[in-house]
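Asks: Dropping a structure here in structure tokens format, bear with me for questions.
Taken together, the values in this text are just the output of simple stated rules run on the coordinates, not laboratory data. Model, not experiment: these values are computed from the prediction. Cβ placement follows ideal geometry from the backbone for every residue including glycine, while neighbour counts extend to all protein chains displayed.
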Amino acid sequence: MSDYKIEIFVDDQQLHLLNHREIIHTYPVSTAKKGVGSHHGSFRTPTGHFVIAEKIGEHAKSGTIFRARMDQGVWDGCDGDEDLILSRILWLDGVDPSNRNTKERCIYIHGTNHESSLGTPSSCGCVRMANKDIIHLFNHVEPGTPVTIHPPIKPGGKLIFFDCDSTLSSIEGIDELGRARGPATFAKVEALTNAAMNGEIPIQEVFPKRMEIIRPDRALCDKIAQLYLETITPGTEQVITELKQQGWTPIILSGGFAPLIRPLAQHLGIEHIEAVPLVFDDVGNYAGFDANYPTTRNGGKPDIIREWKNALRPSRTMMVGDGISDLESRSETDFFVGYGGVVSRQQVRQKADAWIVEMSELTNFLIL
């Protein structure tokens, strides 16, 4: 058995290599920007106990790019947003019940093309290291070496969740998809949307009905994505800027569709989107949606907020929205703000901690 052991501390963004109990090397790392978690597709770093399952790239040059763990040549050093896996891979396997899917998730310790961000959480779930450091570490450990990733214990930042439709934008994206299919289709879709937002029909029943009526292709989705940009609610851009200046992390939490919302999020400078994925075939025809995504059902939004709280341990959480599905999140947030600037729903107004009709009014509650 190896005398070495690896310990990774999310709070400190450091990796310690120990020989027996003595720390012999300390390296800066980056764990996930979205915090910690073990769910497949979460883009979060798992915590707990692991072993190195496989070592990959032993004789590769520093800066070698690996895709699907195969050598793709040496990185040319060009800057870019792509999250490259470079130089060496230590593939982790979880040994706790909560992280047994780690190897399946392809969670690695690996070299990165984003060395300037080391020391801050910025990865997509893996543990990033400087390329010289991963090579050094790689040469000291073997398959079976134990690894512990310690979860954060320090309070994190502040999270604010925004509904999108009728909140950040004055449209309901699903209604606009229906409108584009003609008056009869629009009438059916709008009635279903209103029934869901008013709490008259469970959201999980409404979703498949609307999508089978519309069956939106990629071209239609791109058209409605542009409409979101043209219908941003007044004051939203300024509020998002002020929130970020005050240390809040804005997150879009929506029952809408991710491809439609993403350009709006990019325009507003919102990095994180929790919205329903759509699937298209090779020529852009509609091929379905992720029916298991939490926001396609009642109770899904508080579940997502709970995941974020577990992942980042925020010091404060807030939600802003107009619908019943948004109001459900009140149990998981410190403060719920009902927004009535587009649609005023009486039940939301009555049960919200605060009620606003202008987005600029939100700044009155940021220091509560």
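Asks: What's the local net charge at VAL283, with K and R +1, D and E -1, over the other residues with C-beta under 10 Å away?
Replies: Around VAL283, the charge tally is -2.
Asks: Tell me the Kirkwood radius of the stretch 4-150: reciprocal of the mean inverse pair distance over distinct alpha-carbon atoms, in Å.
Replies: About 14.9 Å for the stretch 4-150.
Asks: So, one more: Report the residues of the stretch 232-250 in range of a label on SER117: point 7 Å along Cα→C-beta, backbone N strictly under 17 Å from it.
Replies: 249-250
Asks: While we're looking at this one, here's another question. Around ILE89, with a cut-off of 9 angstrom between Cβ atoms, what is the net charge of the other residues, counting Lys and Arg +1 and Asp and Glu -1? Each step should come with its number before you reach the end.
Replies: Working: positive: LYS55, ARG69, ARG88; negative: GLU54.
For residues surrounding ILE89, the net value is +2.
Asks: On to the next question. Using a Gaussian network model on the chain with a 10 Å cutoff between Cα atoms, which of PRO146, PRO183, PRO294 fluctuates the most?
Replies: Top of the fluctuation ranking is PRO183.
Asks: Shifting gears a bit: How many percent of DSSP beta bridges within the chain run antiparallel, rounded to 5?
Replies: Bridges in the chain are about 55 percent antiparallel.
Asks: Report the charge-dipole magnitude of the chain in Debye, nearest 20, computed about the Cα centre from +1 at each Lys and Arg Cβ and -1 at each Asp and Glu Cβ. Don't jump to the answer; show the numbers that get you there.
Replies: Values: 37 positive and 48 negative charges, 104 e Å.
For the chain, the charge dipole is close to 500 debye.
Asks: More than 17 Å apart: what percent of Cα pairs in the stretch 155-280 qualify?
Replies: More than 17 Å apart: 57 percent of the Cα pairs in the stretch 155-280.
Asks: Follow-up question, since we're still on this one. If Lys and Arg each add +1 and Asp and Glu each add -1, what is the summed charge of the other residues whose beta carbon sits under 14 Å from the beta carbon of VAL141?
Replies: So the environment of VAL141 carries a net charge of -4.
Asks: I want to verify the translational diffusion coefficient of the stretch 119-179 in µm²/s; compute it with Stokes-Einstein, Rh as the Kirkwood radius over Cα pairs, at 20 °C and 1.002 mPa s.
Replies: Translational D for this selection: 126 µm²/s.
Asks: Dimensions of the stretch 20-66 along principal axes (Cα, Å, largest first)?
Replies: Extents along the principal axes, in whole Å: 33, 33, 22.
Asks: Give the angle, between 0 and 90 degrees and rounded to the nearest 10, that separates the Cα long axis of helix 300-312 from the longest principal axis of the Cα atoms of the chain.
Replies: Here the helix axis deviates by roughly 30 degrees.
Asks: Sticking with the crude label model, points 7 Å out along Cα→Cβ, report the distance from GLN350 to ARG262 in nm, one decimal please.
Replies: Here the modelled spin labels are 4.1 nm apart.
Asks: Using a cut-off of 26 Å between alpha-carbon atoms, which lysines can reach LYS244, once sequence neighbours fewer than 8 places away in the same chain are excluded?
Replies: LYS244 reaches LYS33, LYS34, LYS154, LYS158, LYS301, LYS309.
Asks: Taking the Cα atoms only, what angle lies between the long axis of helix 183-197 and the longest principal axis of the chain, rounded to 10 degrees?
Replies: Relative to the chain, helix 183-197 is tipped by roughly 70 degrees.
Asks: For a quick check, take a GNM of the chain with Cα springs below 10 Å and name the residue from ASN298, ASN310, ASN194 with the largest mean-square fluctuation.
Replies: ASN194
Asks: Using alpha carbons only, how many degrees (0 to 90, rounded to 10) separate the axis of helix 236-245 from the longest principal axis of the chain?
Replies: 30
Asks: Related question: Can you give me the convex hull volume of the Cα atoms of the stretch 63-191, divided per residue and expressed in Å³?
Replies: Given the Cα convex hull of the stretch 63-191, per-residue volume reads 230 Å³.
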